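The numbers here are math on the coordinates, done by the rules we state, and not lab data. Keep in mind that this is a model prediction, so the values were computed, not measured. Positions of Cβ are generated from backbone atoms using ideal geometry, with glycine treated the same way; all protein chains shown enter the neighbour counts.
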Amino acid sequence: MQILKFGGTSVGKPENMHIVAKLITRDAESKIVVLSALSGTTNSLTGIGESLREADKEAAKKKIDDLKAHYDNFIPALLRTEAKREEASAVINEHFEFLNITLRISYNGALNRDILAQGELMSTKLFTLYLQEQGVKARLLPALDFMRTNEEGEPDIPYTTERLTELIAAHDGVSLFVTQGYICKNHNGEIDNLKRGGSDYSASLLGAALNASEIQIWTDIDGMHNNDPRVVDKTFPIAELSFDEAAELAYFGAKILHPASIWPAQRYGIPVKLLNTMDPEAKGTVIGKDTISNEIKALAAKDGIIAVKIKSSRMLLAYGFMTKIFQSFEKHKTPVDMVTTSEVAVSVTIDDDSRLPAIMKELEALGAVEVDRNQTIICVVGNFVAQKKGIVNKIFSAMTEIPIRMISYGGSRHNISLLIDRADKEEALKRLNSHLFEF
Ligand code: ADP
Ligand code: ASP
Ligand code: MG
């Protein structure tokens, strides 16, 4: 079994859906095809939810109508026969009926998550109708029947294995399945999602749940590049990455992969390929455990970081000071990314400030607390054991004009992290690109 995930741009135009259909029927290998919403849809749905939350029904209605017009234009270009076009319109109308009902009922978080789920529900239904029109034998499996998160918001892989195995067995003779990325049920049985970009995570979880032979992430670029192509002009695809390297890059901002999308594949030892729907013959990137790296592989940047510095009220760090600091973050379920210490102070970074007021209260009992917002972590990934000499030098010489707030090196063999002001990010990525890579 292979898992193939196609992102928003891969299904965002009718002609791209046609390409996807060709790609998934090139061979007879059994497959689960995981689809995102059409590009732009999840953003529109987020906007509809925001307007409803602000009780601006007029704005919400306008956004619903605009989105509906998009689907009305999509259908005749996707499907050829009148019968299938009518079927598709009926399906889409049902989803928009639901969206219009949300204008008349009271808003809450669960309703918003239900609204967000409409994109993947619609894209998979449209795509399945197209496959049927093409005479392809395929079945749509509802992700809400087998993707579930627990009280902690963590995915329940054994549940997915059990449910999905049953569902697949019920379709004897079918070897091609289509399902939704991103959406799931939570422990209350409500519709929920795996956060923005979560279809990659869905694909990896399905790969793990079914012990797939391979997970393919099809997108609009030929693999993981050495730097953010949206910021830096000269970037190139990386042929091979280890799971650890890919996980760091995803976690620290490489948008091509959802931050959590590597661990399920890594834990179950399933190779992940990043491929380009618009250029299927391009080699892309292979992520697996056996890749050997002896160089700087890539950079990524993660915005929205908050640095918290705690200066001990005693002259030197007292015994137990660190423990108390970390206990506070742990108690408030706030993950810490970077840590640096000096004789009298500890600095940490977080990306979620929802519990920061409560954390601050506790930290202030230990010393003076300073908070810096709008920070960015730049993460340099590679194998720094093999290439021990000169790396830090190169990084520093690239960064001479850019103030560095924190540096973290030595925590792992394949990561050096720098904390800088968000305003300096573009410049830093460009300078590091020309200092660290040869063109
Ligand atoms: P999809 O809709 O297929 O999930 P995304 O937009 O989420 O696609 O991810 C692909 C995009 O990620 C690329 O178009 C590219 O602009 C961006 N990106 C950011 N960093 C990288 C990187 N290091 N390598 C490749 N793409 C990257
Ligand atoms: N459609 C969702 C999003 O835009 C999930 C995804 O595309 O991966 O975030
Ligand atoms: Mg994505």
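Here is the list for the stretch 341-439: trypsin sites (Lys or Arg not before Pro) lying in DSSP coil, each with at most 14 other C-beta atoms within 10 angstrom of its C-beta, are Lys388, Lys389, Arg413.
Among the trypsin sites (Lys or Arg not before Pro) in the stretch 61-143, those located in a DSSP loop and surrounded by at most 15 other Cβ atoms within 10 Å of their own Cβ are Arg80, Arg104, Lys137. Dividing the mean sequence gap of close Cα pairs (under 8 Å, 6+ apart) by how many residues the chain holds gives a relative contact order of 13 percent. Within the stretch 362-439, report the GluC sites (Glu not before Pro) that DSSP leaves as loop and that have at most 11 other Cβ atoms within 10 Å. Within the stretch 362-439, the qualifying GluC sites (Glu not before Pro) (loop, at most 11 other Cβ atoms within 10 Å) are Glu401, Glu438.
Report, in whole Å, the centroid distance computed from the Cα atoms of the stretch 124-185 and the stretch 363-418. Between the Cα centre of the stretch 124-185 and that of the stretch 363-418, the gap is 42 Å.
Per-residue ellipticity at 222 nm from helix content only, as computed over the chain with -39500 (n - 2.57) for each DSSP H run of at least four residues, stands at -12500 deg cm²/dmol.
Phi angles of the stretch 183-195 translate, via the Karplus equation with coefficients 6.51, -1.76, 1.60 and θ = phi - 60°, into HN-Hα couplings of 9, 7, 9, 9, 5, 8, x, 8, 5, 9, 8, 9, 6 Hz per residue; Gly and Pro are given as x. Counting every alpha-carbon pair across the chain, the share separated by more than 37 Å comes to 32%.
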